[in-house]
Amino acid sequence: MKLERRRLLAAGIVTAAGVAFGAVALAQPKEKVIRVTARKWVFLPREIRLKKGVPVVLEFVTADVVMGFNAPDFHVRADIIPGKVSRLRLVPDKTGTFVFLCDIFCGDGHEGMSGQIHVVA
Ligand SMILES: [Cu+2]
């Protein structure tokens, strides 16, 4: 009886350890989401800080008109459409400061609508 209980307890500990280990092994690191709001005629935030090799998801929203996000140095772009959330996954592969800009004509201030991505090691 006593031995049986001990055996059950031991089995329980092994199972719990297995579950905990499995949970750790299966857990995907959650990618950081950075929300960027585009409006006439600015991106907020204007500056995005990233780490080289660390993936992020950029999430774009606007309440105004159709705009675009383009980061030519990383060969990525997205349409930003009122009422929708656009997502773009970015894994910066180099360090430095890079420009992003609106690539869809959205009005008088369109030409100046840009920001910077700072990537550190
Ligand atoms: Cu624009």
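Numbers at a glance
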| read-out | value |
| --- | --- |
| One residue from C102, C106 being within 16 Å of the ligand (Cβ to nearest atom) and either in contact with a helix residue (DSSP H, G or I) (Cβ under 9 Å, 6 or more places away or on another chain) or not assigned by TED's automatic domain parsing to the domain that holds V61 (or both) | C102 |
| Residue in the range 51-77 that is nearest to the ligand (Cβ to nearest atom), counting only those that are farther than 26 Å from A121 by Cβ and among the small types (G, A, S) | G68 |
| Inter-residue pairs, beta-carbon under 6 Å, first without any contact (Cβ under 8 Å) to a residue 60 or more places away in the chain and in the range 93-113, second near the ligand (Cβ under 6 Å from one of its atoms), 6+ apart | I104/M67 |
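For (1) exposed (fewer than 15 other Cβ atoms within 10 Å of the Cβ); (2) in contact with a strand residue (DSSP E or B) (Cβ under 6 Å, 6 or more places away or on another chain), each residue gets a yes or a no:
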position: V36; (1), (2): no, yes
position: I48; (1), (2): no, yes
position: V56; (1), (2): no, yes
position: T62; (1), (2): no, yes
position: V65; (1), (2): no, no
position: P72; (1), (2): yes, no
position: H75; (1), (2): yes, no
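The values are calculated or read from the model by the stated rules, or taken from the named source; none is laboratory data. None of these values were measured; they are calculated from a predicted model. Note that each Cβ is placed from the backbone with ideal geometry, even for glycine, and that neighbours are counted across all protein chains shown.
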